[in-house]
Amino acid sequence: EALRKDPDHVPSHSELGLIFTGEYDEEHEDYERALVHSRKAHELSPDEATQTNLARNLFFLDRHEEALVLLEPVVEKNPKNAVARLWAGFIYWRNGEPERARAHLRLALAVDPTLDCPSVKRILDEGD
């Protein structure tokens, strides 16, 4: 509804990007559809949040290098951006860089312990 009234409504594009990556319900997963909205949100408002969400979407499409190109500047500019660090950690893990992955995940959890989840625990436990 909001996009019908304002096709450039950034919060709606951001939210739809999350919805279609299955953030709230796997039933709605459609990564290509999510990418349209994540890209549009970032195009309209290129900030840390939209950049991180776009990178997250690219991760789910196995476009890891593109995602890192977006995440690395966010982490450099704001080392306490726990969400960006979390996704960077997941990507480094998938890219076969476990130590780099664990470093990012540990820093993400140090900033925001609520990001802890089974995937993070598994990656961190494998390094112990």
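Points to keep in mind about this one:
- In region 12-28, the residues that are over 16 Å from the mean Cα position of the chain (by Cα) and of a type outside the set (D, E, K, R): Ser12, His28
- Every pair of residues 6+ apart whose Cβ atoms lie under 8 Å, when the first sits in region 98-125 and is more than 17 Å from Lys80 (Cα to Cα) while the second is exposed (fewer than 12 other Cβ atoms within 10 Å of the Cβ): Pro98/Glu126
- Any pair with Cβ under 9 angstrom, 6 or more apart, that starts in region 66-77 at a residue that is closer than 16 Å to Asp47 by Cβ and among the basic types (Lys, Arg) and ends at one that is part of a helix (DSSP H, G or I) and open to solvent by 20 Å² or more (accessible area, probe 1.4 Å): Lys77/Glu48
- Complete set of residues in region 96-122 that are open to solvent by less than 50 Å² (accessible area, probe 1.4 Å) and of a type in the set (D, E, K, R): Arg102, Asp112
- Condition broken by Leu68, with the remaining ones in (1) modelled with pLDDT of 95 or more; (2) open to solvent by 60 Å² or more (accessible area, probe 1.4 Å); (3) under 30 Å from Leu3 (Cβ atoms); (4) part of a helix (DSSP H, G or I) satisfied: (2)
- Looking across Ala88, Ala41, Ala2, one residue alone is within 23 Å of Ala110 (Cα to Cα) and either in contact with a helix residue (DSSP H, G or I) (Cβ under 6 Å, 6 or more places away or on another chain) or in contact (Cβ under 8 Å) with a residue 40 or more places away in the chain (or both). It is Ala88.
- Test: residue in region 41-50 that is in contact with a His (Cβ under 6 Å, 6 or more places away or on another chain), in a helix (DSSP H, G or I) and modelled with pLDDT of 95 or more: yes
- Being closer than 30 Å to Asp125 by Cβ and either of a type in the set (Lys, Arg) or in contact with a Gly (Cβ under 9 Å, 6 or more places away or on another chain) (or both) is a description that applies to Asn53.
- Exclusive hit being closer than 19 Å to His13 by Cβ, more than 12 Å from the chain's Cα centre (by Cα) and among the acidic types (Asp, Glu), set Glu48, Glu43: Glu43
The values are calculated or read from the model by the stated rules, or taken from the named source; none is laboratory data. Keep in mind that what you see is a predicted model, and the values were worked out from it rather than measured. Note that we place each Cβ from the backbone using ideal geometry, even for glycine, and neighbour counts take in every protein chain shown. Quick note on the areas: whole protein, heavy atoms, side chains included, nothing else; ligands and nucleic acids left out. Shrake-Rupley method; radii C 1.70, N 1.55, O 1.52, S 1.80 Å.
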